[in-house]
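Report on the following structure.
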Amino acid sequence: MRHAMAEAVVGDDVFQEDPTVNALQKRAAELFGKESALLVSSGTMGNLISVLVHCRERGSEAIVGDKCHIFKYEQGGISQFGGVHVKAIPTLADGTFLLEDIVTSIRTDDIHFPRTKVLCLENTHNGCGGKVLPLAYLDKVTAFARANGIPAIHMDGARIFNAAIALKVPVSRLVQNVDSVTFCLSKGLCAPVGSVIVGTASFVAEARRVRKALGGGMRQAGHLAAAGLVALEEMVDRLEEDHRRAHHFARSIAALQSPFFTADVTATHSNMVRIEFPTDHVTAEVFCKRVGSVTDAEERDLGQTFVVVRLFPVGKNAARAVICNNLTDADVQMAISKISYYADELKN
């Protein structure tokens, strides 16, 4: 990937003259079954641009889930920069919405109300532990949104290829009924930076204008796009290895049968594992701090073989583990051994 970046043929992407960026965008559009694509710096920028294009009219409203990345982790950007009003509806544990929650959130034509312009979905769902939205649900919710007059559907597909691998379908199948998608070239696909927006040619043309207004125009961006091309051509199929390791990690944590923490194996759909803490004896913050450090006793007991495990607390009672290309089977096993050591420590 670094070699491809160094050897990339570049031009000025602001004027659409960078051949490597153009090749990446063409390939992304082909894979997703859409007309066009646009390279942006991040998934957050991709979501922001997409919603702003769908909500060009002031007084627009976006329906989002209360656990989705757009709502929780993007600084309210669609409101901050676009004046878009947000209607947040409950997200179920599997990352889906109840259809009745969607329909009751659609605004009627009344001068007192904003106008519903877009429904935002997320797949896989980060806030729900990497859940994969079922195909049947995707077909149902998109058809329901159309039938009830929602003008557009956006998919936050930061990890959409993980969903495609888990369901064993082409990524185009997952997005065939949505108007726009943002997906990350980083994360599991291993590129150092970059995301891509896909949609119709007219949508992407408007997205390009918004990207420029946000300061997102890049010149010789082909060096980044070259990494993206390697990501799309060589890194997608290997996501299955991340999923396999994540399932092994979850099963191993559950098998410890600790009264203080566990992992829900059936809820592990992709490369994320959610560790839950059913008591107040050990909180997520305490757990993450402990496994992220090495005690004198641990160093003494294990000699030079000690490990730091980096997890992310998600509230008080849960933590998130993410498996990626940087981890081998041996690395995962060392992390399991570390957590097992801590489980024994808690017994004393």
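The values are calculated or read from the model by the stated rules, or taken from the named source; none is laboratory data. Being a predicted model, the structure only gives us computed values, none of them experimental. Backbone-built Cβ (ideal geometry, glycine too); neighbour counts: all protein chains shown. Accessible surface areas use protein heavy atoms only, side chains included; no ligands, DNA or RNA. Shrake-Rupley method; radii C 1.70, N 1.55, O 1.52, S 1.80 Å.
Tell me which residues, restricted to the range 51-61, are free of Cβ contacts under 8 Å to residues at least 60 places away in the same chain, in a loop (DSSP other than H, G, I, E, B) and among the charged types (D, E, K, R). Please lay out each step first, then the result.
Here is the first cut: in the range 51-61, the residues free of Cβ contacts under 8 Å to residues at least 60 places away in the same chain are 58-61.
Among the residues that remain, those that are also in a loop (DSSP other than H, G, I, E, B) are: 58-59.
Residue satisfying the conditions is ARG58 alone.
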Open item on the list: Just to be sure I understand the filter: pairs with C-beta atoms under 9 Å, separated by 6 or more residues or on different chains, first member in the range 166-182 and closer than 17 Å to VAL51 by Cα, second member at pLDDT 95 or above and among the acidic types (Asp, Glu). Which pairs pass?
Closed with: ASN177/ASP139; VAL181/ASP156; THR182/ASP156
Task: Qualifying residues in the range 292-348 (those that are among the hydrophobic types (A, V, I, L, M, F, W, C), part of a helix (DSSP H, G or I) and open to solvent by less than 40 Å² (accessible area, probe 1.4 Å)) - the one farthest from ASP280 (Cα to Cα) - done: VAL332
Task: Failed criterion for THR20 (all others in (1) of a type in the set (Ser, Thr, Tyr); (2) farther than 14 Å from GLY77 by Cβ; (3) in contact with a strand residue (DSSP E or B) (Cβ under 8 Å, 6 or more places away or on another chain) hold) - done: (3)
TODO: Scan (1) at pLDDT below 95; (2) part of a helix (DSSP H, G or I) for the single condition LEU48 breaks and write down its number.
DONE: (1)
TODO: With the condition kept exactly as written, say whether any residue in the range 72-81 is in contact with a Cys (Cβ under 7 Å, 6 or more places away or on another chain), at positive phi, in a loop (DSSP other than H, G, I, E, B) and at pLDDT 95 or above.
DONE: no
Task: Residue pairs meeting the criteria (Cβ under 7 Å; at least 6 apart or on separate chains; first farther than 18 Å from VAL309 by Cα and assigned to a loop (DSSP other than H, G, I, E, B), in the range 253-264; second open to solvent by 20 Å² or more (accessible area, probe 1.4 Å) and among the acidic types (Asp, Glu)) - done: ASP264/GLU276
- [ ] Could you grab me the full set of residues in the range 14-43 that are crowded, with 24+ Cβ neighbours inside 10 Å and assigned to a helix (DSSP H, G or I)?
- [x] THR20, VAL21, LEU24, ALA28, PHE32, GLY43
